[in-house]
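Any read-out appearing in this document is the output of simple, stated calculations on the displayed coordinates, not a laboratory observation. As the structure is a computational prediction, the values presented were derived from the model and not from experiment. Cβ atoms come from the backbone with ideal geometry, glycine included; neighbour counts cover every protein chain shown.
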Amino acid sequence: MRSFIPFLVVLIGCSASINREIVFEEYKLVDGDRWYSDSTYSMTFEANDSLTGYDFYFNLRYSKGYEWSNLYTFVITEFPDGRSAVDTVECILFDRRGKPVGSEFVNSAAGTIMDASYLFKVNRRFPMSGKYNFVIRHAMRTEVLDGIYDVGIKLEKTRFSGK
């Protein structure tokens with residue numbers, strides 16, 4: 001019985017990860033792997049359903065040689081009616097021991113590139129149908145961030161909405 005419980009936990013974890021329904025995912029390449037404070041990256045999503053809840057993720061690909069342990073970003077959501085909302089997203093890139101967060105995306109001559117996702121909105125609905133524009137810019141105090149390769153947005157249908 002004891003050996004059955006860990007197996008059951010692994011099985012449930014695997015089935016939960018398989019059940020994710022990604023409805024949108026897009027990355028933008030950071031020019032020259034140097035993210036300037038005045039550089040923004042935009043992605044557009046067409047929302048046709050105002051009843052379904054979505055989980056919003058900020059996606060990041062970065063170098064193990066990135067200078068800081070974290071990254072602050074602004075994710076601006078522009079609504080179809082012209083309104084906008086700003087979310088500040090803190091991304092922890094390295095733990096206390098200096099180990100990078102995320103999974104290895106690729107190993108290249110330039111070094112290891114890490115891939116990480118940061119949940120910043122849970123079970124949010126789009127209030128109206130139409131095109132939503134997501135604009136991303138970094139919110140760090142330094143002008144240039146070296147070692148940032150790609151930034152992106154991912155939307156998943158919320159699995160557990162409590163309904």
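Within a Cβ distance under 11 Å of Gly111, other residues only, what is the Lys/Arg minus Asp/Glu net charge? Numbers along the way, then the final one.
Details: positive: Lys64; negative: Asp33, Glu104.
Taking every other residue near Gly111 into account, the sum is -1.
Sorted largest first, the spans of the alpha carbon positions of the range 67-155 along the three principal axes are 45, 26, 25 Å.
Placing +1 on the Cβ of each Lys and Arg and -1 on the Cβ of each Asp and Glu in the range 46-163, which of Thr52, His138, Tyr118 has its Cα farthest towards the positive end of the resulting dipole? The residue sitting farthest along the positive end of the dipole is Thr52.
A cut-off of 5 Å between modelled amide H atoms, ignoring neighbours fewer than 5 places along the same chain, links Thr112 with Lys64.
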